[in-house]
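Below is one structure, written out as structure tokens; the observations come after it.
The values are calculated or read from the model by the stated rules, or taken from the named source; none is laboratory data. Please read all numbers here as calculations on a predicted model, not as lab measurements. Glycine gets a Cβ as well: all are built from the backbone with ideal geometry, and neighbour counts include every protein chain shown. Calculation scope for accessible area: heavy atoms of the full protein, side chains included, ligands and nucleic acids excluded. Shrake-Rupley method; radii C 1.70, N 1.55, O 1.52, S 1.80 Å.
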Amino acid sequence: MAVIKAQLAKHKFFLLAVLLLSVKTYLVYKVGFNISSENVLQEFLLFINPISSAVFLIGLSFFFTGLKRNVVIVVTSLFATLVLYFNLLYFRFFSDFLTWPVLFQTSNAKDLTGSITELIRTIDLLLIIDLVILSYLILKKIAPIQVKAKREPLIVLGLSFVIFIVNLGIAQIERPQLLTRSFDREMLVKNIGLLNYHVYDGYIQSQSRAQRVFADSSDMTEILDYRKENYKEADQDLYAIAEGKNVIVISLESLQTFVINETLDGEEITPFLNSLINESYYFDHFYHQTAQGKTSDSEFLLATSLFPRDSGSVFFTHAGNEYHSLPEILNEAGYYTSVLHANNKSFWNRDVMYDSFGYDHFFDIESYEVNEENSVGWGLKDVDFFKQSIELLKSQPQPFYSKFITLTNHFPFELGEEDKFINEFNSNSNTLNRYFPTVRYMDHALELFFDELKENGLYEDSIFIMYGDHYGISDYHNRAMSLFLNKDEITDFDQIQLQRVPMFVHIPGHSDHELKHTVAGQIDLKPTIMHLLGLETKDDIQFGTDLFSPERDSFVVLRDGSVITDEYVFTKGSCYQKADGAEVDIEECESFRERGAQDLYFSDKVIYGDLLRFY
Ligand code: GP9
Ligand code: MN
């Protein structure tokens, strides 16, 4: 105890600097970045997260002795303050945090420097108070002068590491899989602190850069050949059937196929969607191909017909790549392209990736009126979202390509009593129980949206592509799921069936409807849409095939390498017969397992090497 006390007294100048920097950072979080928290633990995290990096950075002073050490304490504090301040200026303009690529994006910097005088405020001077105090203490010789002590630098840096691990541990409790799953910058800053966030961001960026450096245009040749081999002609009756029409894409949050045409306590779960099946092409063997990037992965699949990453989010790691994306192609074809989604624009790094994709506009949360009454769970309720979107849609030039992303049917599936049109399920999983009313609510919101589009004359001239973005109920809830599905257990084979998401192609005025059983996935959306609009895909690098192509193979590979065809399912190293789920010799699956692996390999190569810049 006495030793610790003596150490604390000895290093009080260092400790003071750490304290001042941490408190200052916390205050900037609150006042400058307006970071709010939903509970005490979050607030606590916010308060302690600057400490580890402050100890580390200012702790570098321990490599020096005498007056030099105290000067380094001030210099490192100044450095941290500058990082804080540049972020603050950037935030005032973009309401977002700096990233490494942004720092090197000169065009972005220009945006900022042009208005820099407007961004600087007198109150900002408060940010140097601690530096003034520390300098004063040095000048007045009040700050104690330290002599060399052997292991001190390592002990201090070790201490910062321990503090960081504790911080990260608490953050993981508050937000599981923070570093792999949640790529919202605000979330990262909130949980691990601003400086640590920059280090993490640097790591992510450098990782993807290395592979890019070693790639060259010859890498493209074999991929082009592969693409040529797998190209499928469009269906001649449907090719260009929607030429010149508006395209309304709706990404249905967490919607899985197992609820379609199902009932709970005698009530239909998705009455509107069920009725729409009779007026649409509906695909009942359509799979999501997302991984940790969830919604953003599905957006990536749609826009590029490339596979997302097997870990992390490609929206975050490869937002600077060259893509030949669907929005860009449609822009060239005379379409106005947009996304409508009532969430922060930086969530999933959307603002940056959407720029890469070439969308004309992103109607984010700022475009919506969001208040306590019209919000639940993650934010604006779907009914209000669609209602408010009508005016935004009308404001666009036609033809437009607009993608809607719903939100209410998102884990943890919260819903007000007034919006619960069916009962909850009754099982040991509250998540699954709550899922049904929120699905039912989303279905209701879609019905109202269709009505409003009709009233506003937007329905007839549009085609609709609607699909579930990814699963809503993970295998963690298998016991409850087996209860709902009336099964003894959920096997690996069943688990694959549960990765099916509904997919609709609805063309008003078109009378040929059909229930389609072809095995397919989100990677097939881009070629399908392009062909419907009369756009050739022969020369586009894609890994999907038009869902309507008479030549197409009934085939899909999921991001984890599982493969499904009409006859077989390959997953987790085993091969099953599709018809009855019976396990068969692995040889039966071999050829298409290989094809799946090949697809993933080439697609990854395109992304990691940023190969489309050579094409
Ligand atoms: C957030 C919404 C949900 O904007 O898209 O994201 P998810 O957690 O489903 O990926
Ligand atoms: Mn989602």
Inset, instruction - List, in the order given, every pair from Lys294/Lys381; Lys294/Lys487; Lys190/Lys572 whose Cα-Cα distance in the structure shown is over 30 Å. - result: Lys190/Lys572
Inset, instruction - Measure off, as a whole percent, the carbon and sulfur share of the 1.4 Å-probe accessible area of the chain, all protein chains present. - result: 56
Legend entry - Charge dipole magnitude, Cβ of K and R +1, D and E -1 - the range 236-546, Cα centre, debye nearest 20: 460
Inset, instruction - Could you rank the peptides 598-607, 581-590, 296-305 by their average count of other C-beta atoms within 10 Å per residue, with the highest value first? - result: 296-305, 598-607, 581-590
Inset, instruction - Using the Karplus curve 6.51 cos²θ - 1.76 cosθ + 1.60 with θ = phi - 60°, work out ³J(HN,Hα) for each residue of the range 426-443 in order, rounded to whole Hz, and write x for Gly and Pro. - result: 10, 8, 7, 10, 5, 4, 5, 4, 6, 4, 5, x, 6, 4, 4, 5, 4, 4
Legend entry - the range 130-224: chymotrypsin sites (Phe, Trp or Tyr not before Pro) in DSSP coil with no more than 14 other Cβ atoms inside 10 Å: Phe214
Legend entry - Vicinal HN-Hα couplings computed from phi for the range 258-264 (Karplus, 6.51 cos²θ - 1.76 cosθ + 1.60; Hz; Gly/Pro x): 5, 8, 5, 6, 10, 10, 10
Inset, instruction - Under a cut-off of 13 Å between alpha-carbon atoms, report the aspartates and glutamates in cross-link reach of Lys24, not counting same-chain residues fewer than 8 places apart. - result: Asp124, Asp130
Inset, instruction - Quick one: angle between helix 12-27 and the longest Cα principal axis of the chain, in degrees between 0 and 90, rounded to 10, please. - result: 40
Legend entry - Radius of gyration and Dmax over the Cα atoms of the range 236-546, both given in Å: 18.4, 54
Inset, instruction - Can you work out the accessible area per residue across the chain, with the rest of the protein chains kept in place, probe 1.4 Å, in square angstrom? - result: 43
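Relative contact order for the range 297-451: what percent, with Cα pairs under 8 Å and sequence separation of 6 or more?
20
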Inset, instruction - Starting from the Cα of Lys387, draw a straight line to each of the lysines and keep only those under 17 Å, dropping any in the same chain fewer than 8 residues away. - result: Lys403, Lys454
Inset, instruction - Quick one: which residues, 5+ away or cross-chain, put their amide H under 5 Å from the amide H of Phe362? H built at 1.01 Å from N. - result: Val339
Legend entry - Alpha-carbon centroid distance for the pair the range 418-454 / the range 593-615, whole angstrom: 38
Inset, instruction - Give the distance, in whole Å, between the Cα centre of the range 264-338 and the Cα centre of the range 477-538. - result: 11
Legend entry - Average Cα contact separation per residue, the range 2-211, under 8 Å, 6 or more apart, as relative contact order %: 32
Inset, instruction - Report, in deg cm²/dmol and to the nearest 500, the calculated mean residue ellipticity at 222 nm for the chain, where each DSSP H run with n ≥ 4 adds -39500 (n - 2.57) and the sum is divided by the residue count. - result: -14500 deg cm²/dmol
Inset, instruction - Of the options Ser549, Val189, Phe283, report the single residue whose Cα projects farthest towards the positive end of the charge dipole of the chain (beta-carbon charges: Lys, Arg +1; Asp, Glu -1). - result: Val189
Legend entry - Residues whose placed amide H lies under 5 Å from that of Gly521, excluding near-sequence neighbours: Tyr287
Inset, instruction - Can you list which of the GluC sites (Glu not before Pro) found in the range 402-485 are DSSP loop residues with at most 12 other C-beta atoms within 10 Å? - result: Glu460
Legend entry - Average projected area [Cα convex hull, the chain], square nanometres: 32.1
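Loop only per DSSP, at most 14 neighbouring Cβ atoms within 10 Å: give me the trypsin sites (Lys or Arg not before Pro) in the range 1-109, ordered by residue number.
none
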Inset, instruction - Would you mind calculating the relative contact order of the chain from Cα pairs under 8 angstrom and at least 6 residues apart, reporting the percent as a whole number? - result: 18
Inset, instruction - Provide the net charge surrounding Phe614, with neighbours chosen by a C-beta distance below 9 Å and charges set as Lys +1, Arg +1, Asp -1, Glu -1. - result: -3
Legend entry - Straight-distance crosslink candidates among lysines, where the alpha carbon sits under 20 Å from Lys232 and sequence neighbours closer than 8 are dropped: Lys516, Lys526, Lys538
Inset, instruction - Quick one: grab the alpha carbon gyration tensor of the range 508-582, order the square roots of its eigenvalues as a ≥ b ≥ c, and give me rounded if a/c is under 1.5, else prolate or oblate depending on whether a/b is larger than b/c. - result: oblate
Inset, instruction - Please get the size of the charge dipole for the range 2-211, origin at its Cα centre, with Cβ charges of +1 on Lys and Arg and -1 on Asp and Glu, quoted in debye to the nearest 20. - result: 1000
Inset, instruction - Would you please give the residues with an amide H less than 5 Å from that of Lys516, counting only those at least 5 places away or on a separate chain, with H modeled from the backbone geometry? - result: Tyr282, Phe283, Asp284
